[in-house]
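**Q** This is the structure I want to talk about, given as structure tokens.
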Amino acid sequence: MPFARVASGVQIYGDAWTWWSQAAGRYARGNRPRVGAVIAFARQQRLPLGHVAVISRVVEDRVAMITHAN
């Protein structure tokens, strides 16, 4: 998650699955990808802490490229 903070400028800490709720009232949230925005993935069995990535390119309405680190 340090990568996502550096790449996006979003200063949220903690498990990735909490980032969406933590962003409420601090950062704009939405459902349309924008370059530089953070995408927060929900936790699931294979990702118990969730995952965050940064939108690096919007290709078309339903296709975006992300950059992330693990």
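Computed from the coordinates by the stated procedures, all read-outs in this text should not be read as laboratory data. Everything quoted here is computed from the prediction, not taken from an experiment. Cβ sites come from the backbone with ideal geometry, for glycine too, and all protein chains shown count toward neighbours.
**Q** Give me the one-decimal Kirkwood hydrodynamic radius in Å for the chain, with the sum taken over alpha-carbon pairs.
**A** Details: mean 1/r = 0.0813 Å⁻¹.
It is 12.3 Å.
**Q** Here's something else I'd like to know. Count charges around A7 for me, please; just the other residues with Cβ under 14 Å from its Cβ, Lys/Arg as +1, Asp/Glu as -1.
**A** Details: positive: R5, R34, R57; negative: none.
Its environment carries a net charge of +3.
**Q** Further question: Simple spin-label model, 7 Å along Cα-to-Cβ: L49 to V35 in nm?
**A** For the pair L49/V35, the computed spacing is 3.0 nm.
**Q** Peptides 58-65, 45-52, 10-17: what's the order by average Cβ count within 10 Å, highest mean first? Please report the intermediate quantities before stating the final value.
**A** Numbers: 58-65: 10.6, 45-52: 13.8, 10-17: 15.8.
Going from most to least packed, we get 10-17, 45-52, 58-65.
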